Amino acid sequence: MRKWIIGVLIVSLIAGGLYLTLGRPAPTVADTATTPGSVAGEPVKASTDVIAEAIVVPARSVALSLSTGGIVTTLPVAEGDTVEQGQVLVQIDRAQRETALVEAQAALASAEAQLAQTRAGAAAEDIATLDAAVAVARTAVQNAQGAVSVARANLARVTAPATAETIAIGQRRVEVAKNALWGAQAQRDAACGRAENGGSSADCDAGQANCQRFEEEVRIAELQLQQLQNGATPQDVAAAQAQVDIALAQLATAEAQVKQAEAERARAVRPATAEQIAIAESQVQQAEAAVARAEIALAESELRAPFAGTVVTLHTKAGEYAAPATPLVQLADLSGWSVETTDLTELSVVRIEEGARAIISFDALPDVEIPGTVTRIKALGESRRGDMTYTAIVTPDEFDARLRWNMTAS
């Protein structure tokens, strides 16, 4: 089309030149007279029109991609579908992201609860529980003190020498046991004598058993008397001392538990310091940041329409791996069109400005011309076929539904 227009211009310029040289009548004096501010024989000004090739583009278009990769699990749109702003176009697997968000939200709830507890201090029921713990610990100390007293008394008894009275009591126990044994022996002998003369042997056996029992009691009484006379053995003293040591260790443990319980109660009823509150607030802020990161990561698993438009092309399928930063959807707003020049040279771009009016014609619609306005001129030029070209964007005044993306225009 560009060649056709250039040809028309050349023909027009040649015809105009012939008219000026051949067809124009000779000037008269009046024609050659000058007026103030004018010059006789002033040349005809050249046209300031600029003609450039262009293509039709949507009012808005964008190639959409994900910032993270994953398997496409949801693809609710197809090519040619009209979508609303914010509508989901592509979704990748998000199970791990959803789990991470739940964990972050739980951590935030815990941090907020800790902050509230730090600010409010211990509850009444918590203080009551701590009071009970202190009471239990103090009771344990009293029991341990009693055990120490018993162990020490036993050690004193073991290590103390026997008195004359104690030895006399032991001797008396030996005599009593022997007298009981002699009585039992006499009864046994009588019963066994009757058994030899035809009496019952059971009485003889019972008497013998009774004698053995009293013989054992005599031996025990004699051993006890000997122990009193000899005093405690080193083993007995060591055992008694060990019992004292164990009781003292248990007492020390119980006393430490009392101190710990009392310290925990004191810490619970003491108001939180500014530093403690600041630490709790910092933990909440960190948890909030973690939730925000998890929400962003979850949102990045979805590709949503940034504006209402039409899905022009799809470059993915459900089940495929979508690589990050790879265009997946081409979305365009086809409710309006713009025209972008493709061969506007540096010699021509200086002759136009934003706001200038234009007439747009289309190769596919030869009978259509639409007026428009230059709404933007890109500042950066591009080298194309040896020429430095610039892109000017022209917005048509009218909408024509027959236009399609990338149609050629002038």
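The values are calculated or read from the model by the stated rules, or taken from the named source; none is laboratory data. From a predicted model like this one, the values you see are computed outputs, not experimental measurements. Counting neighbours? That spans all protein chains shown, and the Cβs are built from the backbone with ideal geometry, glycine included. Protein only, heavy atoms only, side chains kept; ligands, DNA and RNA dropped before computing areas. Shrake-Rupley method; radii C 1.70, N 1.55, O 1.52, S 1.80 Å.
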Has the range 305-316 got at least one residue that is closer than 25 Å to Leu66 by Cβ and open to solvent by 90 Å² or more (accessible area, probe 1.4 Å)? yes
Do we find that Gly355 is outside any strand (DSSP E or B), within 30 Å of Val72 (Cα to Cα) and open to solvent by less than 70 Å² (accessible area, probe 1.4 Å) in this structure? no
Does Thr163 meet the test of being within 30 Å of Ser282 (Cα to Cα) and of a type outside the set (A, V, I, L, M)? no
Determine whether the range 127-148 contains at least one residue that is assigned to a loop (DSSP other than H, G, I, E, B) and of a type outside the set (S, T, N, Q). no
Pairs, please: C-beta under 8 Å, at least 6 apart or cross-chain, first residue within 9 Å of Leu225 (Cα to Cα) and in the range 168-184, second open to solvent by 90 Å² or more (accessible area, probe 1.4 Å) and at pLDDT below 90? Gly170/Gln229
Among the candidates Ala186, Ala153, Ala202, Ala209, residue that is more than 60 Å from the chain's Cα centre (by Cα), loosely packed, with under 14 Cβ neighbours inside 10 Å and under 30 Å from Glu255 (Cβ atoms): Ala153
Against the condition at pLDDT below 90 and either assigned to a loop (DSSP other than H, G, I, E, B) or surrounded by 14 or more Cβ atoms within 10 Å (Cβ to Cβ) (or both), how does Gln227 come out, does it pass? yes
Residues satisfying the stated conditions in the range 263-276, i.e. of a type in the set (A, V, I, L, M, F, W, C) and without any contact (Cβ under 8 Å) to a residue 40 or more places away in the chain: Ala263, Ala266, Ala274
Please determine whether any residue of the range 101-123 is modelled with pLDDT of 95 or more and under 30 Å from Leu314 (Cα atoms). yes
For the range 87-124, which positions are over 25 Å from the mean Cα position of the chain (by Cα), open to solvent by less than 50 Å² (accessible area, probe 1.4 Å) and either in contact (Cβ under 8 Å) with a residue 40 or more places away in the chain or under 30 Å from Gln330 (Cα atoms) (or both)? Leu89, Gly121, Ala122
Check Ala364 against each of (1) modelled with pLDDT of 95 or more; (2) small (Gly, Ala, Ser); (3) closer than 15 Å to Pro58 by Cα; (4) surrounded by fewer than 16 Cβ atoms within 10 Å (Cβ to Cβ) and name the one condition it does not meet. (3)
Starting from residues that are in contact with a strand residue (DSSP E or B) (Cβ under 9 Å, 6 or more places away or on another chain) and free of Cβ contacts under 8 Å to residues at least 24 places away in the same chain, keep the ones in the range 367-400 and report whichever is least open to solvent (accessible area, probe 1.4 Å). Val374
Residue check, Ala272 against (1) part of a helix (DSSP H, G or I); (2) touching a helix residue (DSSP H, G or I) at 6+ places or on another chain (Cβ under 6 Å); (3) closer than 30 Å to Val136 by Cα, all met but one. Which one? (1)
Checking Leu347 against (1) more than 30 Å from Val77 (Cα to Cα); (2) in a loop (DSSP other than H, G, I, E, B): exactly one of these is not met. Which one? (2)
Residue hits (the range 126-135; exposed (fewer than 14 other Cβ atoms within 10 Å of the Cβ) and more than 13 Å from Val269 (Cβ to Cβ)) are Ala132, Ala135
Under 30 Å from Phe399 (Cα atoms), of a type in the set (Ser, Thr, Tyr) and in contact with a Phe, Trp or Tyr (Cβ under 9 Å, 6 or more places away or on another chain): is that true of Thr345 in this structure? yes
Is it the case that some residue within the range 382-400 is of a type in the set (Phe, Trp, Tyr) and at pLDDT below 95? yes
Could you identify the single residue in Gln91, Gln105 that is assigned to a helix (DSSP H, G or I) and not aliphatic (A, V, I, L, M)? Gln105
Taking the criterion of being open to solvent by 80 Å² or more (accessible area, probe 1.4 Å), part of a loop (DSSP other than H, G, I, E, B) and without any contact (Cβ under 8 Å) to a residue 60 or more places away in the chain, would at least one residue in the range 244-262 satisfy it? no
